[in-house]
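Notes follow once the structure below has been shown.
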Amino acid sequence: MRPLRVLVAEDDLMIGPLLAEVLEDLGHVVVAVVVDAGSAVAAARSHRPDLIIVDINLGEDNGVAAVKAILREGFVPHVFVTGDLLGNLGLGPDAVLIQKPYRRADLVAAITHAIVNASQKVGAAPI
């Protein structure tokens, strides 16, 4: 997999930078770490990332709504993360979701799954 340009949307001020560090250790470029839905939408518009990793609950905001707004401007592979119990979150059958706390291997698998799903949707070769 080639290095990806990744946008991280995480409201926990400790987890966001740690996630960015892990992503960079994996060889990816983190284009921004944001803490709310509005900033996620603006950063996606500005940076045009290859992948978005977004917390479902962005404080008072909703990460799912942020991703839906971003996707209206064009598809971007994405991984949802949550610290809540996994249940019917209404994400759809193709959603990639990992639960906190997650391990590095879980993150790598989720990223790979999101990229493969995206390539199958648009008929392109995997990144």
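Observations on the model:
- For beta carbons closer than 9 Å, sequence separation of 6+ or different chains, a first residue in region 80-98 that is basic (Lys, Arg) and exposed (fewer than 10 other Cβ atoms within 10 Å of the Cβ) and a second that is part of a loop (DSSP other than H, G, I, E, B) and modelled with pLDDT of 65 or more, there are no qualifying pairs.
- Residue selected from region 1-58 under the condition without any contact (Cβ under 8 Å) to a residue 40 or more places away in the chain and of a type in the set (Asp, Glu), by the criterion nearest to Lys100 (Cα to Cα): Glu21
- Looking across region 52-78 at every residue that is in a loop (DSSP other than H, G, I, E, B) and of a type in the set (Asp, Glu), the one that is modelled with the lowest pLDDT is identified as Glu60.
- Restricting region 79-127 to residues that are at pLDDT 75 or above, part of a loop (DSSP other than H, G, I, E, B) and within 17 Å of Ile56 (Cβ to Cβ) leaves a set whose member that is nearest to the chain's Cα centre (by Cα) is Val96.
- Verdict on Ala66 being in contact (Cβ under 8 Å) with a residue 40 or more places away in the chain, surrounded by 13 or more Cβ atoms within 10 Å (Cβ to Cβ) and not charged (D, E, K, R): yes
- Within region 28-49, the set of residues being under 16 Å from Gly74 (Cβ atoms) and not hydroxyl-bearing (Ser, Thr, Tyr) comprises Val31, Ala40, Val41, Ala42, Ala43, Ala44, Arg45, His47, Arg48, Pro49.
- Within region 13-51, the set of residues being in a helix (DSSP H, G or I) and in contact with a helix residue (DSSP H, G or I) (Cβ under 7 Å, 6 or more places away or on another chain) comprises Val22, Ala37, Ala40, Val41, Ala44.
The values are calculated or read from the model by the stated rules, or taken from the named source; none is laboratory data. Just so it is clear, the structure is predicted and the values come from calculations on it, not from any experiment. Backbone-built Cβ (ideal geometry, glycine too); neighbour counts: all protein chains shown.
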